[in-house]
Structure formats: structure tokens, C-alpha cells
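Enquirer: One structure coming up, written as C-alpha cells, with questions to follow.
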Amino acid sequence: MSALSEMLDANARYAATFNLGDLSAFPRRKVAVLTCMDARLDPAKFLGLQEGDAHVIRNAGGRADQDAIRSLVISYKLLGTREFLVIHHEGCGMLGLSNEDLRRRLHEDLGADASNVDFLPFDDLDQSVRDDVATLRASPLIPQDIAILGFVYDVRTGRLREVR
Ligand SMILES: [Zn+2]
């Protein structure tokens, strides 16, 4: 069976017993999580979240880029979240990635110019969390009474560690 047909079968099973059609769009736990798209991370599982509990915003690295900030502003301003969690992780593909190397490969493969794209790699995992918490904290679009906490998730143990 193909990956797609497996997923569509899974969805049919999910929908067959689905009874959450009346959930509020306002996250029940008033939390937004910004984390990496890495397939090994399942924030709903490692944070014990159910449908309707939280916003989860994901990108490569879980970085606080302009689009993440856009989503977080919508999250608190329109949908009532009061706490943001920034979660990066051990073994992230963005660790040690080089902008220059990726740009060169895109140019070689596609003739494309990615010189204006910052892929937001990092060399120090804990510092990348501190940097993104600081970026959010410094955003004029995010008020000071929103709590912003940073964490590292370990893909080998499933454990979260707070980064201060
Ligand atoms: Zn990652």
C-alpha cells in the first residue's frame, strides 16, 4: 500500500468515530508551540495535547522567523493564547547546515539564485533557543505579558529540557 493510501485509510478510520466537531478554535490551554518540522517530533504526544488544546507552528528548525511571528500574533491576538513555547531539538538538521552550501547546491541543481534566502541554520542548539525566545520577546508585536519559554527536546529520550 502506498503512503498516501495508508494515510487516507487512517483518515477514514479517524472520521468514522470523530465526535469533536464542536470544538472551539480558541486553544483550551491558551498555549502556542513553535517547533521544528522534524518527523521524529510529535508535540501532541510529547506535550499531552488533544485536539483543541494548543496552536502548533512548525518550520525547519522551529525558528522565530517573520512567518512564525505572524502566526504567533494571530494566535494571541485573535485566538487568546497567553504562553509561547519555543522547542528546538537534539539532532536537528539545521544544526551545522550552511547557508552558502545550500545556496550553492540549489544553484547547481536548478540554476536558482537563493542568495536572498536565509535558511536560518545554527551551530549552538541552546543558543538558538535563547536567540528565538529573545527575538519573540523583542518583537513590538508581542506584549510583555505573554510568557515565552524555551526548551530542547531530545529525540533519543523523548524528554524536554528547559533552556534559560
Ligand atoms: Zn529540526
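The values are calculated or read from the model by the stated rules, or taken from the named source; none is laboratory data. These numbers come from a predicted model, not from an experiment. Don't worry about glycine lacking a Cβ; one is built from the backbone with ideal geometry, like all the others, and counts go over all protein chains shown. Surface accessibility is based on the protein's heavy atoms, side chains included, excluding ligands, DNA and RNA. Shrake-Rupley method; radii C 1.70, N 1.55, O 1.52, S 1.80 Å.
Enquirer: With the other protein chains left in place, how much accessible area per residue, in square angstrom, belongs to the chain at a 1.4 angstrom probe? Show your work: numbers first, answer last.
Expert: On the way: 9930 Å² over 164 residues.
On a per-residue basis, 61 Å².
Enquirer: What is the gain in length, in nm to one decimal, between E90 and K45 on full extension, counting 0.36 nm per residue of separation less the C-alpha to C-alpha distance?
Expert: That pair, E90 and K45, stretches by 14.5 nm at full extension.
Enquirer: Below 12 angstrom from the Cβ of V155, what's the summed charge of the other residues (Lys, Arg +1; Asp, Glu -1)?
Expert: Around V155, the surrounding residues sum to -1.
Enquirer: Within 15 Å, Cβ to Cβ, of T81, how many net charges do the neighbouring residues add up to if Lys/Arg are +1 and Asp/Glu are -1?
Expert: +3
Enquirer: Treat the chain as a sphere of radius equal to its Kirkwood radius over Cα pairs and apply Stokes-Einstein at 4 °C in a medium of 1.567 mPa s; give the translational diffusion coefficient in µm²/s, rounded to a whole number.
Expert: Calculated translational D: 74 µm²/s.
Enquirer: Of F18, F46, F122, which has the largest mean-square fluctuation in a 10 Å C-alpha GNM of the chain?
Expert: Of F18, F46, F122, the most mobile in the Gaussian network model is F18.
Enquirer: At 0.36 nm per residue, minus the direct Cα-Cα distance, what do R104 and D145 gain on full extension? Give it in nm, one decimal, please.
Expert: Once the chain is fully extended between R104 and D145, it gains 10.5 nm.
Enquirer: Ignoring everything except DSSP H segments at least 4 long, calculate the 222 nm mean residue ellipticity for the chain; use -39,500 (n - 2.57) per segment, divide by total residues, nearest 500.
Expert: Details: 5 runs with 58 residues, N = 164.
-11000 deg cm²/dmol, from helical runs alone.
Enquirer: When the accessible area of segment 25-164 is computed with all protein chains present and a 1.4 Å probe, what percentage of it is carbon and sulfur?
Expert: The computed percentage sits at 53.
Enquirer: Please state the charge dipole magnitude for the chain, taken about the Cα centre, from unit charges on C-beta atoms (+1 on K and R, -1 on D and E), reported in debye and rounded to the nearest 20.
Expert: That gives the chain a dipole magnitude of about 620 debye.
Enquirer: Over the chain, calculate the relative contact order: mean separation of alpha carbon pairs under 8 Å at least 6 apart, over the residue count, as a percent.
Expert: Relative contact order, the chain: 23 percent.
Enquirer: How would you rank 54-64, 33-43, highest first, on the average number of other Cβ atoms within 10 Å across their residues?
Expert: 54-64, 33-43
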